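Reviewing the structure listed below.
The values are calculated or read from the model by the stated rules, or taken from the named source; none is laboratory data. The structure displayed is predicted, hence computed values, not measured ones. When we count neighbours, we look across all protein chains shown, and the Cβ atoms used for this are built from the backbone with ideal geometry, even at glycine.
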Amino acid sequence: MPPVFRFAPSPNGVLHLGHAYSALLNFERTRETGGLLLLRIEDIDATRCRPEFEAAIYEDLAWLGITWETPVRRQSEHLADYRAALDRLSAFGLVYPAFESRAEIARLVAAREADGLWPHDPDGAPLYPGDSKSLPADERSRLIASGVPYALRLDMAAACQRAAGLNWNELGDGPDGERGIVPARPEAWGDVILARKETPTSYHLSVVVDDALQGVSEIVRGQDLFHATSVHRLLQVLLGLPEPAYRHHRLICDGEGRKLSKSSRSTGLRELRAAGITPAGIRQLVGLG
């Protein structure tokens, strides 16, 4: 079987140089290895993802000279796959509903930090501080039946007991130069969200399900997702999914050293193209020569 790679953008904005770099690296790895490149549209966020951004992704990638296998997998068309994985984790007793709102969580964190330092995950967000895990089953059922919004969280302590000694094969470079067999530390993320009342999946859950179903063998992505690999390896083991290799790459930053992002309105490929930049010029801008 040839190696399988994937580029998986979200259609919640236009592609920028950081996306171009990652897509080009995946495309180059495909050509170097005689592999296949898949394009996946991660559109589970119905409030932010828009058809015009999806159309722009196809246009920008084609302009760069990147080709991919068809059909394209769109996550919004496969929610049953994620629900099935969530049901498996629930059957193991590893999932519980948490009913605190974002505002309530912020207040809880502030109260905890007033008593001392409250732990944060590798991305800098505070760990879940609530106590929904200890609610009796009948109280959980009552709250759900009454229509209270909730998030389905992974019981991280129980999950780590079930899948200990995790690691992954890093073919690229972590933020601190990590390479080779890297120990996974999913406990650093606390009780991560796997789904919400209105959406039967989250990024962490959908990405591992998709990679397994699509047979992705090497994941080429930015260093900003290096630490999240710990959570992904945990979910892969819990769900009995195959283990891919990982190749994390450097991030493309702006003049102030900040990672390019859609939320900060980083200059898009469409604007660069309109300004006369060629695909070869894009390669030079991201350091591919």
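Output the strands (runs of 3 or more DSSP E) that fall wholly within the range 134-206 and possess 1 or more residues being of a type in the set (A, V, I, L, M) and in contact (Cβ under 8 Å) with a residue 60 or more places away in the chain, or say none. Spell out how you get there, then give the answer.
Working: elements: 151-154, 167-170, 180-183, 193-196.
In the range 134-206, 151-154, 193-196 are the strands (runs of 3 or more DSSP E) which contain 1 or more residues that are of a type in the set (A, V, I, L, M) and in contact (Cβ under 8 Å) with a residue 60 or more places away in the chain.
So for the range 257-275 (the condition being farther than 21 Å from L89 by Cβ, touching a helix residue (DSSP H, G or I) at 6+ places or on another chain (Cβ under 9 Å), assigned to a strand (DSSP E or B) and not assigned by TED's automatic domain parsing to the domain that holds G172), does at least one residue qualify?
For the range 257-275, residues farther than 21 Å from L89 by Cβ, touching a helix residue (DSSP H, G or I) at 6+ places or on another chain (Cβ under 9 Å), assigned to a strand (DSSP E or B) and not assigned by TED's automatic domain parsing to the domain that holds G172: present.
I'd like the residue in the range 194-219 that is of a type in the set (D, E) and touching a His at 6+ places or on another chain (Cβ under 9 Å) and, out of all such residues, is surrounded by the most Cβ atoms within 10 Å (Cβ to Cβ).
Among them, the one singled out is D211.
Among R140, R153, R107, which is surrounded by 15 or more Cβ atoms within 10 Å (Cβ to Cβ), among the basic types (K, R), over 25 Å from C49 (Cβ atoms) and in the same structural domain as D191 (by TED's automatic domain parsing)?
R140
Condition first: over 19 Å from the mean Cα position of the chain (by Cα) and more than 11 Å from F226 (Cα to Cα). Now tell me which residues in the range 162-176 satisfy that. Give the steps one after another, and end with the answer.
Filtering the range 162-176 for residues over 19 Å from the mean Cα position of the chain (by Cα) gives 162-165, 176.
The answer is R162, A163, A164, G165.
Could you go through the range 221-231 and let me know if any residue there is surrounded by fewer than 19 Cβ atoms within 10 Å (Cβ to Cβ), polar (S, T, N, Q) and modelled with pLDDT of 95 or more.
yes
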